[in-house]
Every structure is written in structure tokens, then in C-alpha cells.
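*Asks:* Below is the structure I would like to discuss, written out as C-alpha cells.
Quick note: the coordinates plus some simple rules give every number you see, no bench work behind them. Just so we're clear, the structure is a prediction, and the values are computed from it rather than from any experiment. Don't worry about glycine lacking a Cβ; one is built from the backbone with ideal geometry, like all the others, and counts go over all protein chains shown.
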Amino acid sequence: MEENKNILLKSAMSYGLAMGIYWIFKYIFFIIGYTRPAFMSVYWGCTLAVPFIAYVLTKRFREDLGGSIRFSQAWRFGVMIYFFAALIVSLAHYIFFKYIVSPDYLPSMIDSMTQILKSANVSPEAVKNLTQINITPIHMAIQGIFNNIFYGIVLSIPVAAIVQRNTGSTVNKQ
């Protein structure tokens, strides 16, 4: 069992690094998409490919384990690759919000959300609370980590269900 945990962690770290590099690559299209909208569609296409990449990596991990994997192992592995990829891409998020966008980008984003809430007749107290938020680049990077982990928790469920292979439930044909 200890052996499987070491394999799980090592594999999740290395595959998560690969996934994180892919996410940085796709995030570059997001950044370019602000000035050239056609690149935003490339970004969304790459984003839609993420669960399929997670499937391929989980399937590869199953082969590392000898061809059989339980649902819980596959799900944990999926969550962990999303976690490690989120750590890698958070560096790109921080650099983007700290050095690439204008310093008034985050405050103007808050102002836009405030205007939308006011036009939707949301309570003045909620609007006031929103205006008091001070968002920094590190907040955005940390929020990105949490978002990606949440997506990993959710998206790893169907991937694990597809990849699992119960050797005990198969009938040996002779």
C-alpha cells in the first residue's frame, strides 16, 4: 500500500507538471485573446481538451499500476494532477495580474461588477461590501488554485469512472 502511495504521488507530480505546462500554454492564448479575440476561441478549445488530457494521463497511470485501478485511486490521482497543475499555472496567473495587465484592471473589474449588481437591483449592502474588496494579484493567483482544484474534484469523477478497471469483476475466459 505504501508503494502505491509513492507511485501515486510521484506520478501525480510529474503528470501534474505536464498538465501545468499545458495550462500555461493555454493561458498565453487567454492573454493574447484580450487584444485578438480569435485567440480566445483557441483558449476555450484548449480548455475543453483538459478533461480528455486528464483521461489520458489517468489511463497512463493505470498502466503504471499494472493495468488495473480502483475508482478511488483514479479519482485521487485526477484531483492531485489538477492540484499540481494549478500550482504551476498560478505562477502565470500572478505574473499576468501583477505585470501584464494595467494596475487599474482589478479595481475596474470590481467597478463593473458593482454596476451590474446595481442594475440588477441587488441590495445596497451587498454592493457596498463588494466595493470594499481589495483584490491583489496574489489573491487572484490563490483563487485560481482553488478554482482549478474544485474543477479537478468534479471533473475527475467521470474520468475515474471511465478509467477504472475492476479485475475482480471480470470473468477469466479460457
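*Asks:* Pick from segment 34-64 the residues that are without any contact (Cβ under 8 Å) to a residue 40 or more places away in the chain, in a helix (DSSP H, G or I) and more than 19 Å from the chain's Cα centre (by Cα): which of them is surrounded by the most Cβ atoms within 10 Å (Cβ to Cβ)?
*Replies:* Among them, the one singled out is F39.
*Asks:* Ok, one more. Within the set of pairs 6 or more residues apart or between chains, which connect a residue that is β-branched (V, I, T) inside segment 117-133 to a residue that is surrounded by 10 or more Cβ atoms within 10 Å (Cβ to Cβ) with Cβ atoms less than 8 Å apart?
*Replies:* What qualifies is V127/T114; V127/L117; V127/K118; T131/I110; T131/T114; I133/I110.
*Asks:* Being among the β-branched types (V, I, T) and either more than 16 Å from A12 (Cα to Cα) or touching a His at 6+ places or on another chain (Cβ under 6 Å) (or both), is that true of even one residue in segment 65-84?
*Replies:* Looking through segment 65-84, none of the residues is among the β-branched types (V, I, T) and either more than 16 Å from A12 (Cα to Cα) or touching a His at 6+ places or on another chain (Cβ under 6 Å) (or both).
*Asks:* Give just the number: which of (1) assigned to a loop (DSSP other than H, G, I, E, B); (2) farther than 30 Å from G16 by Cβ does I135 not satisfy?
*Replies:* (2)
For every residue, the table says whether it meets (1) buried (at least 16 other Cβ atoms within 10 Å of the Cβ); (2) closer than 25 Å to Y34 by Cβ.
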{"site": "F77", "(1), (2)": "yes, no"}
{"site": "P107", "(1), (2)": "no, yes"}
{"site": "M113", "(1), (2)": "no, yes"}
{"site": "I116", "(1), (2)": "no, yes"}
{"site": "V122", "(1), (2)": "no, no"}
